[in-house]
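Worksheet: the structure to be examined is printed underneath.
The values are calculated or read from the model by the stated rules, or taken from the named source; none is laboratory data. All values reported here derive from a predicted model rather than from experimental measurement. All Cβ positions, even for glycine, are placed from backbone atoms using ideal geometry, and neighbour counts span all protein chains on display. Side chains included, ligands, DNA and RNA excluded: accessible areas come from the protein's heavy atoms. Shrake-Rupley method; radii C 1.70, N 1.55, O 1.52, S 1.80 Å.
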Protein chains: 2
Amino acid sequence: MPPASDLTAHTGYWLRMVSNAVSQDFARKVADEGVTVAEWSFMRALYDADAMAPSALAEKMGMTKGAISKLADRLLGKGLITRADNPGDKRAHTLSLTGAGRSKVPILAALADKNDAEYFGILPTEEREMLHRLLRTLADRRGLKTIPVD
Amino acid sequence: MPPASDLTAHTGYWLRMVSNAVSQDFARKVADEGVTVAEWSFMRALYDADAMAPSALAEKMGMTKGAISKLADRLLGKGLITRADNPGDKRAHTLSLTGAGRSKVPILAALADKNDAEYFGILPTEEREMLHRLLRTLADRRGLKTIPVD
DNA sequence: TATTGTTATACTCTATAACTATA
DNA sequence: TATAGTTATAGAGTATAACAATA
């Protein structure tokens, strides 16, 4: 039998295992608030800007325009965002948080804080900061910048 | 506007960003060999055992029986595994790699090696080992053990 | 009755591309 | 023609549950 390297020899294997666990736990937390992780990222992006064009959100989140439209439809249905015409360019739209959506963001942000503390709080401060720094270094070197969604 | 903690303050944010990038690059590599990451994990698990029951694979991969059935159907269609009846228990089946499937595993394993080197090779050895160790610590403390699929 | 496995249904995310309206 | 956005379609993953066959 030809050698096939042990899966667990790969750093990527452990990275995915831990990342999936953290994300799945976070997904369960925000599901209790009625949103998905993608919807949370979407709302968080809108929170800092009064209004954004779908194309700007697509760029920021590394998603296609089609994916943004579908996500926006769901958030519209939940009453968390509004869609408005752009007076200057009749092709363009702008998306904004509703009052309900805006007041939900800090609640979701608190869940993100809690999730981070649960997972990484078990490490000594020094190691936790080391991990954070190493991950940021890898993201920087690779030029990663879009908000991770899944 | 109530405060909403900065996304980038969360270690989980960077973990997910780096993990997604590593996984997506790996997905592209194995796609050139005609398989998905889930299919690769499935084949890698079968490589160490001559034959496995779908239920055993479900347990090992943290997937439901239904998901395993669907995955097995696709791998059967690609001629990479076979499904056989179990003589001892007529309800049970066993899944095994075909010759084609078995010879593809080392090729895919080499792609995993390459992907890991591309992503983590930019770190000094000491930091790379530190990252690996921190991730394993987190996985251990959380009792994580199923093969990450997505 | 409980268990093994398959099948059905539904939802999320992703990607591509066709399409509408406007520039 | 090009651009902004929506809509359609399809594939992959996940979860729940209904189902058939066997124990």
| Accessible surface of chain A [probe 1.4 Å, protein heavy atoms]: carbon and sulfur percent | 53 percent
| message | I want to check the label-to-label distance for B:Ala49 and A:Thr98. Put each point 7 Å from Cα in the C-beta direction and report it in nm to one decimal. | response | 5.0 nm
| Choice from B:Asp116, B:Asp48, B:Asp25 showing the highest fluctuation, given a GNM over chain B with Cα pairs closer than 10 Å | B:Asp48
| field | Stokes-Einstein diffusion coefficient of region B:25-119, Kirkwood radius over Cα pairs, 25 °C, 0.890 mPa s, in µm²/s | value | 179 µm²/s
| If you count, for every residue in B:19-27, the Cβ atoms of partner chains within 10 Å of its Cβ, what is the mean? | 6
| Any idea what the dipole of the protein assembly as shown comes to, in debye rounded to 20, about its Cα centre with Lys/Arg Cβ at +1 and Asp/Glu Cβ at -1? | 740 debye
| message | Run the label-point distances for B:Ser55 please: 7 Å along Cα to Cβ, every other copy, nanometres, shortest first. | response | 5.6
| task | May I ask you to derive the FRET efficiency for A:Arg142 and B:Lys65 from their Cβ-Cβ distance with R0 = 45 Å, giving the value to the nearest 0.05? | result | 0.75
| Per the helix-only calculation at 222 nm, which mean residue ellipticity applies to chain A, given -39500 (n - 2.57) for every DSSP H run of n ≥ 4 and division by its residues, nearest 500 deg cm²/dmol? | -20500 deg cm²/dmol
| message | Suppose every Lys and Arg Cβ carries +1 and every Asp and Glu Cβ carries -1, with no other charges. What dipole size does chain B come out with about its Cα centre, to the nearest 20 debye? | response | 500 debye
| field | Centre separation in Å (Cα based) which lies between region A:59-99 and region A:23-51 | value | 15 Å
| Spacing of the two label points (7 Å from each Cα toward its C-beta) at B:Arg91 and B:Arg28, in nm | 4.6 nm
| request: Check the axis relating chain A to chain B and name the residue of A whose C-beta is nearest, distance in whole Å. | output: A:Ser19, 2
| How far is A:Pro124 from the same spot in each other copy, in nm, shortest first, if each label point sits 7 Å from Cα toward Cβ? | 1.9
| note | Once the dipole of region A:1-75 is set up from charges on Cβ (+1 Lys and Arg, -1 Asp and Glu), the residue from the list A:Ser69, A:Leu46, A:Ser19 lying farthest towards its positive end is A:Ser69
| field | Under-5 Å amide H pairs with B:Thr98, H placed in peptide plane, nonlocal only | value | B:Ile81, B:Thr82
| Which value, in debye to the nearest 20, gives the size of the charge dipole of region B:30-98 about its Cα centre, when Lys and Arg are +1 and Asp and Glu are -1 at the Cβ? | 260 debye
| query | What is the interface area between chains A and B, defined as buried accessible area summed over both chains with a 1.4 Å probe, reported in Å² to the nearest 100? | reply | 6000 Å²
| request: Could you work out the Rg to Rh ratio of the protein assembly as shown, with Rh taken as the Kirkwood radius (inverse of the mean 1/r over all Cα pairs)? | output: 1.02
| note | With every protein chain kept in place and a 1.4 Å probe, region A:1-45 has an accessible area per residue in Å² of 35 Å²
